[in-house]
1. Within the range 73-125, track down each residue that is in contact with a strand residue (DSSP E or B) (Cβ under 9 Å, 6 or more places away or on another chain) and of a type in the set (A, V, I, L, M).
2. With (1) buried (at least 18 other Cβ atoms within 10 Å of the Cβ); (2) touching a Lys or Arg at 6+ places or on another chain (Cβ under 9 Å); (3) under 24 Å from G59 (Cβ atoms) as the list, and L182 as the residue in question, which single condition is left unmet?
3. Taking I152 as meeting all but one of (1) assigned to a helix (DSSP H, G or I); (2) out of contact with any helix residue (DSSP H, G or I) (no Cβ under 6 Å at 6 or more places or on another chain), write down the number of the exception.
4. Considering only the range 158-193, how many residues are closer than 23 Å to Y94 by Cβ and not in a helix (DSSP H, G or I)?
5. Restricting attention to the range 71-102, which residues are away from the ligand (no atom under 11 Å from the Cβ) and surrounded by 15 or more Cβ atoms within 10 Å (Cβ to Cβ)?
6. Quick test for you: out of A68, A49, pick the one residue that is surrounded by 15 or more Cβ atoms within 10 Å (Cβ to Cβ), on the phi < 0 side of the Ramachandran plot, within 16 Å of the ligand (Cβ to nearest atom) and among the small types (G, A, S).
7. From the list A226, A212, A205, pick out the single residue that is buried (at least 21 other Cβ atoms within 10 Å of the Cβ), among the aliphatic types (A, V, I, L, M) and at negative phi.
8. Identify all residues within the range 114-132 that are part of a helix (DSSP H, G or I) and either more than 26 Å from G44 (Cβ to Cβ) or of a type in the set (V, I, T) (or both); write none if there are none.
Amino acid sequence: MVSSETIDLLKEELPVEQESLFVSGDVKTGLVIVDVVNGFCTVGAGNLAPTMPDKQISGMVDETLRLATVFCDNKWPVFAFLDSHHPDIPEHPYPPHCIAGTDESKLVPALQWLENEPNVTLRCKDCIDGFLGSIEKDGSNVFVDWVKTNQIKVILVVGICTDICVLDFVCSALSARNRGFLTPLEDVIVYSHACATFDLPAHVARNIKGIAHPQELMHHVGLYMAKRRGAKVVSQVSF
Ligand SMILES: [Zn+2]
């Protein structure tokens, strides 16, 4: 187990300053929800789901629900990625997870109502990076089209895992923005309390020959890397 002293030291050496965000209808803001599906969030729902109730993950779901509710009440645009894999195509180095058509690749129960909201775009993706997962066979990109169609200036990114799917998507969106593919997008903002990652402490990983992934530490590293790459990180979102 990583001691709290180690985490404090890491936070001191790799500080992530976090601002507050006030969302109003004045600046066109889109909510991007990354993989808040059963296979990553619901206890016992598969190989990559938590094995017991997890405070960071349940807090992330609660905050995602709060934001999604306000966005839908206002008919503001929401884009939700659903990790979704063909059973015969594994995603190394992960065990089989979120197989298409199973409950694992469905939104968590608290968010399933989003499937019926007209302002919500759902996108199944079979890779870690949702930006790449949005590319269609003809080369078009569903996420890019969503930004342009809705004239989005700010994306607010939430979901799981802070340091994997959220981070990869954020990095790609920033590069695409910098190359002029996402006009009029200006800001990519990560909301820390609506992000979470999984917990695989080093002593457990050793026993199963897995890659260690201590939750609190890797959540912080994910936020740090997002900030390092040019995203804003906020610890509060109000409306
Ligand atoms: Zn996956």
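1. Those that are in contact with a strand residue (DSSP E or B) (Cβ under 9 Å, 6 or more places away or on another chain) and of a type in the set (A, V, I, L, M): V78, A80, L82, I99, A100, L107, V108, L111, L114, V120, L122.
2. Of (1) buried (at least 18 other Cβ atoms within 10 Å of the Cβ); (2) touching a Lys or Arg at 6+ places or on another chain (Cβ under 9 Å); (3) under 24 Å from G59 (Cβ atoms), only one is false for L182: (3).
3. Single failed check for I152: (1).
4. Number satisfying all stated conditions: 8.
5. Across the range 71-102, the qualifying residues are F71, C72, W76, P77, V78, F79, A80, T102.
6. Numbers: A68 fails: within 16 Å of the ligand (Cβ to nearest atom).
Answer to the selection: A49.
7. Being buried (at least 21 other Cβ atoms within 10 Å of the Cβ), among the aliphatic types (A, V, I, L, M) and at negative phi holds for just one of A226, A212, A205, which is A226.
8. N116, F131, L132
Bear in mind these aren't lab numbers, they're just calculated from the coordinates by the rules spelled out. All values reported here derive from a predicted model rather than from experimental measurement. Reconstructed Cβ throughout: ideal geometry from the backbone, glycine too, with neighbour counts over all protein chains shown.
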